[in-house]
Amino acid sequence: MQKDIVIQVNNLTKCFGDFTAVDTISFEVYRGEVFGFLGANGAGKTTAMRMLCGLSTPTSGEAAIAGYDVYRQTENIKKSIGYMSQKFSLYEDLTVAENIKLFGGIYGLTNQEIKEKSAQLTGRLYMNDQRHKMVGSLPLGWKQKLAFSIAIIHQPKIVFLDEPTGGVDPVTRRQFWNLIYDAAAQGITVFITTHYMDEAEYCNRISMMVDGKIKALDSPSNLKRQFSSGSMYEVFLRLARGAQRTSD
Amino acid sequence: MKTLIFLLQKEFKQIFRNKILLALIFIIPVVQLLIFPLAADYEMKNISIVVVDHDHSPYSRKLISKIVASGYFNLYASAGSFEEAFRFIENDKADLVLEIPKNFERELVVEKSQQLFIAANAINGIKAGLGGAYINRIIVDFNTDVRLEWIQPERFNAVPVIQVTSSNRFNPGMNYRFFMVPGILVFLVTLVASYMCALNTVREKEIGTIEQINVTPIKKYQFILGKLIPFWVIGVFVFTVGLFIVARLVYGIIPLGSITLLFAYLAVYLVAMLGLGLLVSTYCQTQQQVMFVMFFFMMIFVLMSGLFTPIESMPAWAYVIARCNPVTYFMEVIRMVVLKGSRLADIRLHFIVMFGFALLFNLWAVIHYKKTT
């Protein structure tokens, strides 16, 4: 089977002064895959992700996102991706419906499409009664599900999720992962960072980042075999213990 | 274009939901326009004077009552000696000391000349200068009265006297408020527009929503216009309230010149000042930084704009700074149009300069605003 490559990264590096946050990482992500991007705090995950999203220019190396170059075609990349940052970043002083409308509009959906998507989205999230509530008044788990749904409102090729389930309760996390699987089933590639090792098990493949470098990359079952560990938790500990950087 | 409409909807909704901001937009112009022009007045009143009268004659008393009756002076105390009087100045109780010598009346009548002594507290230079000038004027008047009383008017004046009469054009009553109210209106519009725009933009940086915007295909100019237009509308609104409600109803100021011309200039001016606000916000990371940077600019802009002190009397280097200050130009335009009825031809240069500022600040802001760092 020929796999479509949607993210191609080659020796990507980012330095801040004499500090190398991301150190010559290389990997590929295939279409429709759920790709876990793991690492301790300060390992360089967010920096790497920001480069892939076109928010940050790499110091050296190459990367192509949906076929677009991260140096010259950032605006094309931005049309093809969705992004959900570590900080919650919908507008808290707008209602659920208004946030959907705003981001739908920004991504160029027609008013008709926005209306349909809005109904579909709130229906799926069981948020029909909350449509005209301010987003700021919703519980965190609901906000995160909403943010994810809005990040893929324009059917992007790839969606980048930076610790989307931090601080979310287990039930809501479960629901969140159902949303992720639905998106992947629609052919949206999911690129996710997380600190929850149970979530790592849900990924098709995961990479482990330590001190700005990728130390391991494979499917969860292969990784466990490789490190002869019973769980991803053990794999993580083995790799992360070797880290030189203190956490941030 | 459609993207911009979505952004504008968002901004207006957010502004109208921010109750404190909304209240400020309405209250600031009205309250400040009511307070400033009444308080910030150059006419010196209530100058405290201490009189040392060594003569105690009808004439000396007449002079003192004439001084008090002028309305500019408060007779703070009468002192027996100059040293005693000067203590009032040292204690900051009095601004002026007037010493009337012994035999003031007799010598005035007999010798036809007399000397008075004035000492002024020059810590506040303006007060001392104006107080001295007022009192001189009163004494000259007094002098004329005395002459009329004692000296028979000669048929021909031995010394030709040149009489100067003046008429005050454009503000015949020399009403200080006619001069100040339009100026303060400019100051308010400047403040409201540039501060709010810069703060709003940096707030998005602080809460992280700007990152979500930066990761979308929004064009930089769309984002900038989305921030500029709402505050432009607010600026026009504040100006309209100030000009038509406060200036007209409270102070009776009706522009002599074209109101359209005034609003046309305001339109360009607001684009320039909002551009400056946006530019500052592209360099700042927090609202605190914005507050201080804008405060720095606003202090210079307002003090160097001719609002309080005419820029022509500044030293050459300061005059150059004032000429590089966008506020100066609107300050001149509003006074010219409101008080003099100047036309487009008179302020063409002002228009060109303001277009230049608008272009400079906004282009700089668009270029410096980076979606990718």
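Only the coordinates and a few stated rules stand behind these numbers; no lab work does. From a predicted model like this one, the values you see are computed outputs, not experimental measurements. Please note: Cβ atoms are built from the backbone with ideal geometry, for glycine as well, and neighbour counts cover all protein chains shown.
Odds and ends about this structure:
- In the range A:96-248, a dipole from Cβ-located charges (positive for Lys and Arg, negative for Asp and Glu) runs towards its positive end, and of A:Leu237, A:Gly136, A:Asn111 it is A:Leu237 whose Cα lies farthest in that direction.
- Per-residue average of Cβ from other chains inside 10 Å of A:96-105: 3
- Translational diffusion coefficient (Stokes-Einstein; Kirkwood radius from C-alpha pairs) of the protein assembly as shown at 20 °C, 1.002 mPa s, in µm²/s: 71
- Of A:Lys3/B:Lys2; A:Lys224/B:Lys205; A:Lys3/B:Lys370; A:Lys143/B:Lys19; A:Lys14/B:Lys2; A:Lys101/B:Lys371, those spanning more than 32 Å from alpha-carbon to alpha-carbon: A:Lys3/B:Lys2; A:Lys224/B:Lys205; A:Lys3/B:Lys370; A:Lys14/B:Lys2
- Shape category assigned to chain B from the gyration tensor of Cα positions, a/c cut at 1.5: prolate
- Charge-dipole axis of chain B as Lys and Arg at +1 and Asp and Glu at -1 on Cβ define it, positive-most pick from B:Ala318, B:Gly80, B:Trp232: B:Trp232
- Take each residue of peptide A:86-93, count the partner chain Cβ atoms within 10 Å of its Cβ, and average: the result is 5.
- Peptide B:2-12 - average C-beta neighbours from other chains (10 Å radius): 4
- Lysine pairs within the range B:47-150, Cα separation less than 25 Å, 8 or more sequence positions apart or different chains: 10
- Per-residue ellipticity at 222 nm from helix content only, as computed over the protein assembly as shown with -39500 (n - 2.57) for each DSSP H run of at least four residues, stands at -16500 deg cm²/dmol.
- Alpha-carbon centroid distance for the pair the range B:1-76 / the range B:97-128, whole angstrom: 33
- Prolate/oblate/rounded label for the range B:205-332 (Cα gyration tensor, a/c 1.5): oblate
- Under the convention that each Lys and Arg Cβ holds +1 and each Asp and Glu Cβ holds -1, the size of the dipole of the range A:142-187 around its Cα centre is about 80 debye.
- Sorted by Cβ density within 10 Å, fewest first, the residues A:Val22, B:Val68: B:Val68, A:Val22
- Cα-derived Rg over Rh, computed across the range A:5-241 with Rh taken as Kirkwood radius: 0.97
- Panel order for B:Ile245, A:Ile65, by other beta carbons found within 10 Å of each beta carbon, from fewest to most: B:Ile245, A:Ile65.
- Fewest neighbouring Cβ atoms within 10 Å first, the residues A:Ile77, B:Ile5, A:Ile214 line up as B:Ile5, A:Ile214, A:Ile77.
- Within the range A:5-241: Cβ-based charge dipole about Cα centre, in debye rounded to nearest 20 (Lys, Arg +1; Asp, Glu -1): 160
- Chain A: most fluctuating residue of A:Thr110, A:Thr74, A:Thr193 per GNM, C-alpha cutoff 10 Å: A:Thr110
- Label-point separation, B:Ser113 to B:Phe308 (7 Å along Cα→Cβ), nm: 4.2
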